Amino acid sequence: QVQLVESGGGLVQAGGSLRLSCTPSGSFISINNMGWYRQAPGKQRDVVATITSGGSTNYADSVKGRFTISRDNAKNTVSLQANSLKPEDTAVYYCAADVRRTTFVPVYRYWGQGTQVTVSS
């Protein structure tokens, strides 16, 4: 089994910054795309940013210019640097990773347990 462990959430004032990190544990042979998603109360889970194994990135329009996703392929970690935070960024943030556990099984998307980010006005 693969688990994704997130860290770095918390309470911050508007205009502040947070850095979220996600580290996988367990046995696997490779990780393809990784990303961050968020879900605010009463809303669906939406993509925030994604990054391929080659380093190509995509961002939701609402966070472009403020958030930066990065990954360390040697450590299989993915991070999200969130700057200029706004109250509307308040949500539970989830890490996701498309993992190949062995040669003979398909790639499967694993999710972290979520970390709360609260931005006060």
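Within the range 79-103, track down each residue that is β-branched (Val, Ile, Thr) and surrounded by fewer than 14 Cβ atoms within 10 Å (Cβ to Cβ).
Step one: list which residues in the range 79-103 are β-branched (Val, Ile, Thr), which gives 90, 92, 99, 102-103.
If the condition is that a residue be β-branched (Val, Ile, Thr) and surrounded by fewer than 14 Cβ atoms within 10 Å (Cβ to Cβ), then THR102, THR103 are the ones that fit.
Can you find even one residue in the range 87-97 that is over 16 Å from GLU6 (Cα atoms), outside any strand (DSSP E or B) and within 15 Å of the chain's Cα centre (by Cα)? Lay out the reasoning, then the answer.
Going through the range 87-97, the residues over 16 Å from GLU6 (Cα atoms) turn out to be 87-90.
If we keep only those that are outside any strand (DSSP E or B) as well, we get 87-90.
Narrowing the set further to residues that are within 15 Å of the chain's Cα centre (by Cα) leaves 89-90.
Yes, because at least one residue in the range 87-97 is over 16 Å from GLU6 (Cα atoms), outside any strand (DSSP E or B) and within 15 Å of the chain's Cα centre (by Cα).
Can we say SER70 is of a type in the set (S, T, N, Q), at pLDDT 95 or above and within 23 Å of SER120 (Cα to Cα)?
Values: of a type in the set (S, T, N, Q): yes; at pLDDT 95 or above: yes; within 23 Å of SER120 (Cα to Cα): no.
In short, no.
Testing PHE67 on (1) open to solvent by less than 40 Å² (accessible area, probe 1.4 Å); (2) in contact (Cβ under 8 Å) with a residue 40 or more places away in the chain; (3) aromatic (Phe, Trp, Tyr); (4) under 14 Å from SER21 (Cα atoms), one condition comes back false. Which one is that?
Every listed condition holds for PHE67 apart from (2).
I need the strands (runs of 3 or more DSSP E) fully contained in the range 1-76, keeping only those with at least 1 residues that are out of contact with any strand residue (DSSP E or B) (no Cβ under 7 Å at 6 or more places or on another chain) and under 15 Å from ALA96 (Cα atoms). Don't jump to the end; show me each part of the working.
Numbers: elements: 2-7, 10-13, 18-26, 30-39, 46-51, 57-59, 67-72.
Result: 67-72.
So which residues in the range 12-38 are small (Gly, Ala, Ser) and under 11 Å from the mean Cα position of the chain (by Cα)? Full working, then the answer.
The initial filter retains those residues of the range 12-38 that are small (Gly, Ala, Ser), namely 14-17, 21, 25-27, 30, 35.
If the condition is that a residue be small (Gly, Ala, Ser) and under 11 Å from the mean Cα position of the chain (by Cα), then SER21, GLY35 are the ones that fit.
Of all the residues that make up the range 104-118, how many are in a strand (DSSP E or B) and either open to solvent by less than 50 Å² (accessible area, probe 1.4 Å) or more than 12 Å from MET34 (Cβ to Cβ) (or both)? First the steps, then the outcome.
Quick first cut of the range 104-118, residues in a strand (DSSP E or B) only: 108-111, 115-118.
With either open to solvent by less than 50 Å² (accessible area, probe 1.4 Å) or more than 12 Å from MET34 (Cβ to Cβ) (or both) added as a condition, the list becomes 108, 110, 115-118.
Going through the range 104-118 one residue at a time, the tally reaches 6.
The values are calculated or read from the model by the stated rules, or taken from the named source; none is laboratory data. If you're wondering where the values come from, they're calculated on a predicted model, not measured in any experiment. Positions of Cβ are generated from backbone atoms using ideal geometry, with glycine treated the same way; all protein chains shown enter the neighbour counts. Side chains are part of the model used for accessible areas, which takes the heavy atoms of the whole protein and leaves out ligands, DNA and RNA. Shrake-Rupley method; radii C 1.70, N 1.55, O 1.52, S 1.80 Å.
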